[in-house]
Amino acid sequence: MTARAQWRLRTLLIWLLAAALAAAFALIGTAVLLYRLPQITEESRAELHAQGDGLAQRTEALLGALETQLDLLAAVLRMQGDDGAQALIEYAIIRSGAFTAIYHLDAAGRVRQVAVAPGPGRAGQGEVADNDFSGDRLFRRVMERQAVTWSDKYLSPVSGVITVGVAIPVADGALIGEVSLPHVLRVVHSAAGRRGSAVWLLDRAGEILADSESPARVGVVNLSALPLFDRALKRDFAPDSLEFEGRTFDAAIAHSRRLDWFFLVRAPAGLANPQAAATLWLAAAAFAGSLVLGLLLAVLWATWMARPISAIAERTRRVAEGGEAGEWPRGRVAELNALSEDLGRMAEALRDREKELETIFDASPVAMLAADAGSRQIVKVNDSMVRLLGHPREELVGSTGRDLRVWDDRADAEEVLRRLDEGQDIRMEARLLRKDGSRFLASVQARVVRRRGRLWSLWVAEDITEKRRIEAEVRALNTELEERVLQRTEQLRGTNEALSRTLENLQAAQEELVRVEKQASLGALVAGVAHELNTPIGNGVMAVTTLRDATAEFKARSAAGLKRSALDDFLRSVDTGSEIAARNLGRAAELIASFKQVAVDQTSNQRRRFHLREVVDEILLTLGPQLRHCVATIEVQVPADIALDSYPGALGQVLTNLIANAAAHAFEGRLRGTIRIEAEREGPDAMVLRVADDGVGIPEALLPRVFDPFVTTRMGKGGTGLGLHIVHNVVTQALGGKVRVASQDGTCFFIHLPLSAPLPAPAEA
């Protein structure tokens, strides 16, 4: 790892003090700038707002002189009429120097008198006279307002140049004077004076009438899209910033009601503002000056502060090297004096700590010694090591392991020393020799450490001879135990194999009992249906036999001669017999169809879409003969709109088992009872089916095991204990649902099913 750069205390203090001064000034300067720059912006915008208002007033006053000239001319025209009017208009053109054209329009908008200032490309007076200007926008506005009206910028039909016009109503029409845009610009310059702000004079359409910076923009740039201008049209004249030609300006806009023009005054925003730039340069100069002054002062402060700290550091270094520190320095700084006192106490504590550690080292029950890593000579040894090796302390200190012949195997000693020279830690077991020549097995640990610039090897040894003997005995005992465990394991394996065979036999017996139970249920069902079919089929046979006898009798009577009474008797017999046969055969067909559907569903395990109410009705119809002698009545509350995509045979088997189970167990010893079959939806994709009775219920101790196989209260009385086990398996596996039971004032089975049963796995399919 690369060593980190080190600093001298004096240099570090100089930089810290300089950085602190610079940071403090930078924070203060930044805070001042953050406060002052927005203030400058607000002041600039307020000044621009005042300039705009003043400029609008002064421009109104300057252009008001042109209104006065036209007003005087209009007054003279009213007094003299058409006599001399043309001469007066021409004289006004020559004397004013501001008008490019003056023309008098009658009430219909026709030119009565006109005068055009001479200039290249301008129309002559004769070309304009008697023209119809009734569609002119300025003429229409002045006639509507009947007041002095200034126009937006337009192309003059009289002078042929871009101009603005001022119109004054007269008794028989209007007097209009056209003012050139250069004259308007001169007026704006005159009104603005020597102020450095740029000015745009805009008409109501956003066209530039005058630009104090660049006249080239006049007639080219339209500023109607500026948000500031859009707000001004709505009479919101608050100053704001604007973006133009990639630059940001602070701007204010004022409106002249008299001229109906807008005066937009702008100045560079942000650091481009001269006042903001000057403030920033002043802050930068102050920062640089304070940094230079801080560096000069930091050198003096750092020298004064580092002197006592350096003296304290020198004495601390002496203590670290094991020498005497001498007198600790004192000065005028209370914290440094406290540091000197604390370091003096720490030096005393270190010496006391060394004595304590030496005492602990000597009294340690673990044999330890320290040796010089270079010469291999023992420097320090504790009492436990003296007892372990049997050598006096005087013989050990200053000697080496080779001198004392501690190692029984010289190769072990060479290997240990080689690994220590390579900087490896030692952890090994080796045989050592005591002074009396006796051998013992020892656990040896060693490590090389650096202290005060010297390498030391630290050694720890422990006699483990007795420990290893005990471990050998334990290993022998473990081997014997393992053999016993193997024997017992073999015995258990044989027992497990016998139990496995027994379990397989039990499972086979269980499957056989389930099959027998299903066959028994089916047999009882078939017997009941056969009994039920016997009556309608017998009645049908009797009706057909009666018809046959009636037909034979009719034939015999017809042979003697057909009579009306004989024919009527025969028809009545045929009608009665046909009705009896049809009714009973229909009943038999209904029973056969229900039994056929139930039989197909239960034998084919076919998946199809069906309505729950239809399956419930078919099952109850099929179970009719079995339930005829039951004391309970069946109540069904199943909505007709619950449709499932599932296995009706499996669901019918569940209902059959639950109803038969309730009929067999719930009402023992009772004269009446009720079995309720209810269903309702559970959300958009599921339903719950409840089969409940108000019978004797299930014992509480039996409830947790009611779905286990062979659990029944009628064992030996016709019950196998497999009915509810079959119900649980069919609901959870084939139908993909859940079933639970509650027994309080009777028994209720809750069957939660998805409206669409899960698809079977490929192997099951």
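The values are calculated or read from the model by the stated rules, or taken from the named source; none is laboratory data. Quantities reported herein were computed from a predicted structural model and do not represent experimental measurements. Heads up, the Cβs are rebuilt from the backbone with ideal geometry, glycines too, and the neighbour counts pull from every protein chain shown.
Looking at G669, is it out of contact with any Cys (no Cβ under 6 Å at 6 or more places or on another chain), at positive phi and modelled with pLDDT under 90? Here the answer is yes, as G669 does meet what is asked.
Which of the residues belonging to the range 128-147 are part of a loop (DSSP other than H, G, I, E, B), closer than 15 Å to L105 by Cβ and among the hydrophobic types (A, V, I, L, M, F, W, C)?
The first filter runs over the range 128-147 and keeps only residues part of a loop (DSSP other than H, G, I, E, B), leaving 129-131, 133-136, 146-147.
Then keep just the ones that are closer than 15 Å to L105 by Cβ; that gives 129-131, 133-136, 146.
Those that are part of a loop (DSSP other than H, G, I, E, B), closer than 15 Å to L105 by Cβ and among the hydrophobic types (A, V, I, L, M, F, W, C): A129, F133.
Scanning the range 63-107 for residues that are within 22 Å of L259 (Cβ to Cβ), at pLDDT below 80 and surrounded by fewer than 18 Cβ atoms within 10 Å (Cβ to Cβ) yields a single hit, G97.
I634 satisfies every condition listed in (1) farther than 22 Å from V730 by Cα; (2) surrounded by 20 or more Cβ atoms within 10 Å (Cβ to Cβ) except (2).
Taking only the range 82-118 into account, find how many residues are among the hydrophobic types (A, V, I, L, M, F, W, C) and more than 19 Å from V170 (Cα to Cα).
So the answer is 4.
Across the range 712-765, the number of residues qualifying as modelled with pLDDT of 80 or more and either touching a strand residue (DSSP E or B) at 6+ places or on another chain (Cβ under 9 Å) or in a helix (DSSP H, G or I) (or both) comes to 31. Evaluate the following for P639: is it at pLDDT below 90, assigned by TED's automatic domain parsing to the domain that holds V730 and not aliphatic (A, V, I, L, M)? Answer is no for this residue.
Name the strands (runs of 3 or more DSSP E) wholly within the range 168-269 that hold at least 2 residues that are modelled with pLDDT of 80 or more and crowded, with 20+ Cβ neighbours inside 10 Å?
Details: elements: 173-180, 198-202, 208-211, 240-244, 247-256, 261-268.
Output list reads 173-180, 198-202, 208-211, 247-256, 261-268.
Is one or more of the residues making up the range 402-414 in a loop (DSSP other than H, G, I, E, B) and among the basic types (K, R)? Steps first, answer last, please.
Start the filter on the range 402-414 by keeping residues that are in a loop (DSSP other than H, G, I, E, B), which leaves 405-406, 408-409.
Keeping just the survivors that are among the basic types (K, R) gives 405.
Among the residues of the range 402-414, at least one is in a loop (DSSP other than H, G, I, E, B) and among the basic types (K, R), which makes the answer yes.
With L658, L702 as the choices, which residue is surrounded by fewer than 16 Cβ atoms within 10 Å (Cβ to Cβ) and under 21 Å from G723 (Cα atoms)? The match here is L702. For beta carbons closer than 8 Å, sequence separation of 6+ or different chains, a first residue in the range 345-364 that is in a helix (DSSP H, G or I) and a second that is polar (S, T, N, Q), the qualifying pairs are F361/N382; D362/N382; A363/N382.
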